[in-house]
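This report concerns only the one structure given below.
The values are calculated or read from the model by the stated rules, or taken from the named source; none is laboratory data. What you see is a predicted model; the values in this text were computed from it and never measured. Counting neighbours? That spans all protein chains shown, and the Cβs are built from the backbone with ideal geometry, glycine included. The area values use the complete protein model at the heavy-atom level, side chains included, leaving out ligands, DNA and RNA. Shrake-Rupley method; radii C 1.70, N 1.55, O 1.52, S 1.80 Å.
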Amino acid sequence: MDDPVVEAAEVPEPGAVTIIIPTFNEAGNVRELLRQLTESVPSRLPCEVVFVDDSTDDTPAVVAAAAQDCPFPVTVIHRDEPVGGLGGAVVEGLRTAGSDWVVVMDADLQHPPALVPELVAAGERTNAGLVVASRYIAGGSRAGLAGGYRVAVSRGATWLTKALFPRRLRGISDPMSGFFAIRRSVVTTAEDGADALKPLGYKILLELAVRCRPANVTEVPFVFQDRFAGESKSSAKEGMRFLRHLLELRTASPIARMLAFGLIGLSGFVPNLLALHTLDRAGMHYLPAEVLANQAGVAWNFLLIEPLLFRSRRGHRHWADRAGRFALIANADLVLRIPLIALFVGELGMGVLTATVAALLLTFVLRFAGTEALVYLPRRNRMRKSRDRKVA
Ligand code: GDD
Ligand code: MN
């Protein structure tokens, strides 16, 4: 990372705002953006501006030149590697922000700079931790969203997201907005666990709302303007990244992951039965056919569970190692079930049906826990634990 172009001149005053602006090749916009910010913010609210830049053009140089005319500190953090894209850039900015409030906005003037003081004021007034500038409440609109196709995609994505997180996004009509104010104290700094920020692409507000769970949310309407210069950096690839982001957020908790694991497991019955049918047709004895057909289900489950649930946790083992372990655990499940049923019926006096259900549930939980721990638990964690033990 390069040195900041302009050093933050002073420690921000209490109640001040840090404006974080992610930039990717916005040389044509940043001068006008700083001009409009200068016009509307410092007279109402002490501020500093932090650009987090992944540009390949001369955006940082243009910012540095334009910053000379600004009555507030302007910093450019240029990243050599654009880790996490737009969202990763914003998190990088959040790490450096020292003021009570942080406002995140785009550099292309689709987000009106004059609204910055209003967002913070609305947050102070209502004691909110998060203030979303929304296109979807009275007074707002998405005038600048180019084309019916993008409007439809945006609508669909908003609906899907709200459906997946009905509680955490309550009160947020526009979770896709890239324009919002958040209290610094709301932002989690955890490095590990379900609350750790792991932004993936464009939807940084979604990431913050879901993982940080701000207690109070307010919205302020705004009109999404046309871009001042240049083109949107969003793409079909960004759409795929968004779906992956949704999936990762939705399966962050162990319970949600277990449910998804179970659903995928259920779907494995289809290839299992198909294989059984085929082998039976081919004249194989049903017992070896059962064992073989089970492997079809196991393979199916492995191929779905890997990319969907453990995408970010599979680098530490060779795929053949993972597949072998996965298959071993899945087959152990099958072998374990019969003696368990016998135990439940014989020793605990359960009915056969109850015992079967109980055994199914128990082996399922064991299988999930076993897969988490023996296939996908990063080795680093285990090493850390054993080191701790040695120290103790
Ligand atoms: N640092 C960095 N790295 N900045 C990026 C990157 C990146 O990889 N990709 C985009 N940006 C910056 C752009 O330079 C711009 O300042 C801002 O992020 C938004 O990018 P646009 O390409 O203009 O996005 P958009 O207009 O299609 O989407 C905006 O509106 C959507 C609502 O329809 C964004 O605010 C989205 O988050 C929002 O959902
Ligand atoms: Mn834009």
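Table for the structure above
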quantity: Residue match in the stretch 76-93 (condition: assigned to a helix (DSSP H, G or I) and closer than 15 Å to Leu109 by Cβ); calculated: no
quantity: Residue among Gly315, Gly349 that is at pLDDT 90 or above and loosely packed, with under 14 Cβ neighbours inside 10 Å; calculated: Gly349
quantity: Check on Pro82, surrounded by fewer than 20 Cβ atoms within 10 Å (Cβ to Cβ) and over 28 Å from Lys237 (Cβ atoms); calculated: no
quantity: Ala138 vs. criteria within 16 Å of ligand 1 (Cβ to nearest atom), outside any helix (DSSP H, G or I) and over 27 Å from Arg250 (Cα atoms); calculated: no
quantity: Residue list for the stretch 87-102, restricted to those being away from ligand 2 (no atom under 16 Å from the Cβ) and in contact (Cβ under 8 Å) with a residue 12 or more places away in the chain; calculated: Gly88, Val91, Glu92, Gly93, Leu94, Thr96, Ala97, Gly98, Ser99, Asp100, Trp101, Val102
quantity: Spans of helices (runs of 4 or more DSSP H) in the stretch 178-273 with at least 3 residues closer than 30 Å to Thr363 by Cα and free of Cβ contacts under 8 Å to residues at least 24 places away in the same chain; calculated: 254-267
quantity: The stretch 211-260, subset away from ligand 1 (no atom under 15 Å from the Cβ) and among the β-branched types (Val, Ile, Thr), residue nearest to the chain's Cα centre (by Cα); calculated: Thr251
quantity: Arg184 being modelled with pLDDT of 90 or more, away from ligand 1 (no atom under 15 Å from the Cβ) and farther than 21 Å from Gln110 by Cα; calculated: yes
quantity: Residue in the stretch 287-306 that is surrounded by fewer than 20 Cβ atoms within 10 Å (Cβ to Cβ), under 24 Å from Gly84 (Cβ atoms) and away from ligand 2 (no atom under 16 Å from the Cβ) present; calculated: yes
quantity: Residue that is farthest from ligand 1 (Cβ to nearest atom), among those in the stretch 164-181 that are under 16 Å from the mean Cα position of the chain (by Cα) and small (Gly, Ala, Ser); calculated: Ser177
quantity: Of residues in the stretch 29-53 being away from ligand 2 (no atom under 16 Å from the Cβ) and assigned to a helix (DSSP H, G or I), the one farthest from Trp101 (Cα to Cα); calculated: Arg31
quantity: Residue check, Thr158 within 13 Å of ligand 1 (Cβ to nearest atom), open to solvent by 10 Å² or more (accessible area, probe 1.4 Å) and of a type in the set (Ser, Thr, Tyr); calculated: yes
quantity: Sole exception among (1) open to solvent by 50 Å² or more (accessible area, probe 1.4 Å); (2) closer than 24 Å to Gly262 by Cα; (3) modelled with pLDDT under 95 for Asp388, by number; calculated: (2)
quantity: Qualifying positions in the stretch 60-92 - small (Gly, Ala, Ser), at negative phi and near ligand 1 (Cβ under 9 Å from one of its atoms); calculated: Gly87, Gly88, Ala89
quantity: Meets criteria (modelled with pLDDT of 90 or more and open to solvent by 70 Å² or more (accessible area, probe 1.4 Å)) for Leu206; calculated: no
